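Student: Next up is a structure, given as structure tokens.
The values are calculated or read from the model by the stated rules, or taken from the named source; none is laboratory data. Predicted model only: the values in this text are computed from it and were never measured. Virtual Cβ from ideal backbone geometry, glycine too; neighbours counted across all protein chains shown.
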Amino acid sequence: MAEKEQLYAEHWGREGFYGDGVNVTRLQHVPDFTHVSGLHAPHRLNIADVLLPDRGDAAALPTAIFISRSGAQLSVSGRRQNMPFVVSNVEADEIHFIQQGELCFATAYGRIAALPGDFVFIPRAVPYQVEVAAIPTLSLIAEIPGAVKFDAAPKFEAQLGVPEIAVVTPEPVETTVLIKSFDGITRYVKPYSPLAMVALSGGSNPVWKISLKDIPPNPAGHPTQFAASPDNDELFYTLSARPRRRPPMHYNADYDELIFYFAGPGAWGAVKEPGTLTWVPKGLAHHGPSEDVPEGYLAWMLESRPTMRLTDAGMKVAQLMETDLYGPHPAQASVRRIGF
Ligand SMILES: [Fe+2]
């Protein structure tokens, strides 16, 4: 062994940040690859590059860029006009992350305004209508089949936003309601809007929001988790800058990692453009940039136990990614078409 050769620590772990694992030391940088063909390959994209029909067509719906084996999806929206209908997703909870612009979600359980950096949680079967308050808008929407709950680890003082209840006398305004299910849209026409309400008279409001900037990065240990679906199938974390040693190169045996860079000023490794989404599929050796960036940046991560795949719309704007600092990989990927 040469005296000055670089040694690399490596971790193989189960259950993301929570399970058992093994640590080894190697001389080679295991994440490196020169070529890949197949679907299970790391990519990066900027959500601003996705071709969005709902930018120009108020009646269009968001565009899916990822789909998972369980039916979870990531979609992008760039809506410029109010939705001309009410929509209800009967297959999944929706988490809308606002990258740009200002939106208001008029729901059957009140109105909730959203600014850049906000996550708005709209559970399955809650009818809602998106209103545009300031353009241009850009949102990343996660659709998760299991019920997503606020679940903080480590615990932090949460500042959760709740809808404002506005009493609206229902005028006889004919309203179209779109029911979104796994196999498409079912369209109802109703004599009244289902959003008008006289009073909220009990129970807990299912709609809530939290701002990324209000989730404190954990100074030690794993990133701060703030939301989870049943059995930890999908986990949401802040991945904003924090003083910490760079993680070892590692294998995440059970989760795909999707990391979204919201804003600087600091760069996170080779990721410096707001709106960049990186994807490392499960079980691949990767390293990842240091999170110790004194200038600061704001980012978050979705861990998905069901394997993710790029859709055609996502693949059109995605680049193959190296998994050291998460820059574009010099090789062209021979990767096409989702497998399920
Ligand atoms: Fe990782």
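Student: Which is out of contact with any helix residue (DSSP H, G or I) (no Cβ under 6 Å at 6 or more places or on another chain), at pLDDT below 95 and assigned by TED's automatic domain parsing to the domain that holds VAL271, of GLY21, GLY16?
Tutor: Numbers: GLY21 fails: at pLDDT below 95.
Unique residue meeting the criteria: GLY16.
Student: While we're on this one: In the set LYS190, LYS180, which member is within 25 Å of the chain's Cα centre (by Cα) and either assigned by TED's automatic domain parsing to the domain that holds PHE105 or surrounded by 15 or more Cβ atoms within 10 Å (Cβ to Cβ) (or both)? Give the steps one after another, and end with the answer.
Tutor: Values: LYS190 fails: within 25 Å of the chain's Cα centre (by Cα).
Going through LYS190, LYS180 in turn, just one is within 25 Å of the chain's Cα centre (by Cα) and either assigned by TED's automatic domain parsing to the domain that holds PHE105 or surrounded by 15 or more Cβ atoms within 10 Å (Cβ to Cβ) (or both): LYS180.
Residue-wise test of (1) away from the ligand (no atom under 16 Å from the Cβ); (2) touching a helix residue (DSSP H, G or I) at 6+ places or on another chain (Cβ under 7 Å); (3) modelled with pLDDT under 95; (4) not basic (Lys, Arg).
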site	(1), (2), (3), (4)
GLY266	yes, no, no, yes
GLY269	no, no, no, yes
PRO274	yes, no, no, yes
LEU277	no, yes, no, yes
PRO289	no, no, no, yes
GLY296	yes, no, no, yes
ALA299	no, no, no, yes
THR307	no, no, no, yes
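Student: Something else: Which of the strands (runs of 3 or more DSSP E) contained wholly in segment 135-201 include at least 2 residues that are in contact with a Lys or Arg (Cβ under 9 Å, 6 or more places away or on another chain) and closer than 22 Å to MET83 by Cβ? Break it down stepwise before answering.
Tutor: On the way: elements: 149-153, 175-181, 184-190.
Because the criterion is at least 2 residues that are in contact with a Lys or Arg (Cβ under 9 Å, 6 or more places away or on another chain) and closer than 22 Å to MET83 by Cβ, the strands (runs of 3 or more DSSP E) in segment 135-201 that meet it are 175-181.
Student: How do the pairs read when you match residues in segment 277-304 that are free of Cβ contacts under 8 Å to residues at least 12 places away in the same chain with residues anywhere that are among the β-branched types (Val, Ile, Thr), using Cβ under 9 Å and keeping only pairs 6 or more apart or on different chains?
Tutor: Once the first residue is free of Cβ contacts under 8 Å to residues at least 12 places away in the same chain and sits in segment 277-304, no partner that is among the β-branched types (Val, Ile, Thr) comes close enough.
Student: Test of understanding: among ALA113, ALA59, which residue is in contact with a Cys (Cβ under 7 Å, 6 or more places away or on another chain) and without any contact (Cβ under 8 Å) to a residue 60 or more places away in the chain? I'd like the intermediate steps shown before the answer.
Tutor: Values: ALA59 fails: in contact with a Cys (Cβ under 7 Å, 6 or more places away or on another chain).
Unique residue meeting the criteria: ALA113.
Student: Has segment 238-245 got at least one residue that is within 11 Å of the ligand (Cβ to nearest atom) and either surrounded by 22 or more Cβ atoms within 10 Å (Cβ to Cβ) or closer than 22 Å to PRO154 by Cα (or both)? So that I can check it myself, show each step before the final result.
Tutor: From segment 238-245, those within 11 Å of the ligand (Cβ to nearest atom) are 239; that's our starting set.
Then keep just the ones that are either surrounded by 22 or more Cβ atoms within 10 Å (Cβ to Cβ) or closer than 22 Å to PRO154 by Cα (or both); that gives 239.
Yes, because at least one residue in segment 238-245 is within 11 Å of the ligand (Cβ to nearest atom) and either surrounded by 22 or more Cβ atoms within 10 Å (Cβ to Cβ) or closer than 22 Å to PRO154 by Cα (or both).
Student: Another question, if that's okay. So if I check each of LEU310, LEU298, LEU277, LEU320, which one is over 18 Å from MET249 (Cα atoms), crowded, with 19+ Cβ neighbours inside 10 Å and more than 18 Å from the chain's Cα centre (by Cα)?
Tutor: Values: LEU310 fails: more than 18 Å from the chain's Cα centre (by Cα); LEU298 fails: more than 18 Å from the chain's Cα centre (by Cα); LEU277 fails: more than 18 Å from the chain's Cα centre (by Cα).
Of LEU310, LEU298, LEU277, LEU320, the one residue that is over 18 Å from MET249 (Cα atoms), crowded, with 19+ Cβ neighbours inside 10 Å and more than 18 Å from the chain's Cα centre (by Cα) is LEU320.
Student: Please indicate, with yes or no, whether at least one residue in segment 30-39 is within 30 Å of VAL189 (Cα to Cα) and touching a strand residue (DSSP E or B) at 6+ places or on another chain (Cβ under 9 Å). Quick ask: steps written out before the conclusion?
Tutor: First, pick out the residues of segment 30-39 that are within 30 Å of VAL189 (Cα to Cα): none.
No, that holds for no residue.
Student: Moving on. Go through (1) under 18 Å from LEU195 (Cβ atoms); (2) of a type in the set (A, V, I, L, M); (3) crowded, with 21+ Cβ neighbours inside 10 Å one by one and return the number of the condition ALA125 breaks.
Tutor: Looking at each condition in turn, ALA125 falls short on (3).
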